[in-house]
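Asker: Before I ask anything, here is the structure I am working with.
The values are calculated or read from the model by the stated rules, or taken from the named source; none is laboratory data. Since this is a predicted model, take the numbers as computed values, not measurements. For neighbour counting, all protein chains shown are included, and Cβ atoms are generated from backbone atoms with ideal geometry for every residue, glycine included.
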Amino acid sequence: MTAETRSKVDAVRAMFDSCLRQDRDLAERLLADVFVMDEYELKTGERHRNVELLTVHGKQITEAQVFFGGRYDG
């Protein structure tokens, strides 16, 4: 196992542990990037989705990338 893989495994374990202990502060410190999916409905009844990738440092969003989706028939 490479150092990079070991680091990723340790990060996942730490995140899982913070969830088990319901330690929100630790979970927030561990997360650097967060995906958010928005689903909305137009007045016409069509549903659409967008996805955002938010980069978080501390408790501040430092970057937001928006990926505009399209119509969603789900």
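Asker: Could you please give the count of residues in the stretch 48-69 that are surrounded by 13 or more Cβ atoms within 10 Å (Cβ to Cβ) and either in the same structural domain as residue 7 (by TED's automatic domain parsing) or in contact (Cβ under 8 Å) with a residue 24 or more places away in the chain (or both)? Lay out the reasoning, then the answer.
Answerer: Our first condition is that a residue be surrounded by 13 or more Cβ atoms within 10 Å (Cβ to Cβ); within the stretch 48-69, this holds for 48-56, 69.
Then drop every residue that is not either in the same structural domain as residue 7 (by TED's automatic domain parsing) or in contact (Cβ under 8 Å) with a residue 24 or more places away in the chain (or both), which leaves 48, 56.
Number of matching residues: 2.
Asker: Additional query: Filter the stretch 39-74 down to the residues that are at pLDDT below 90 and acidic (Asp, Glu), then identify the one that is farthest from the chain's Cα centre (by Cα).
Answerer: 73
Asker: When you go through 56, 36, 66 one by one, which is the residue that is touching a helix residue (DSSP H, G or I) at 6+ places or on another chain (Cβ under 8 Å) and assigned to a strand (DSSP E or B)?
Answerer: Matching residue, one of 56, 36, 66: 56.
Asker: Now for a different question. How many residues are surrounded by 12 or more Cβ atoms within 10 Å (Cβ to Cβ) and part of a helix (DSSP H, G or I) when one looks only at the stretch 20-33?
Answerer: Keep residues of the stretch 20-33 that are surrounded by 12 or more Cβ atoms within 10 Å (Cβ to Cβ), which gives 23, 26-31.
Within this subset, residues satisfying the condition of being part of a helix (DSSP H, G or I) are 26-30.
Total meeting the criteria: 5.
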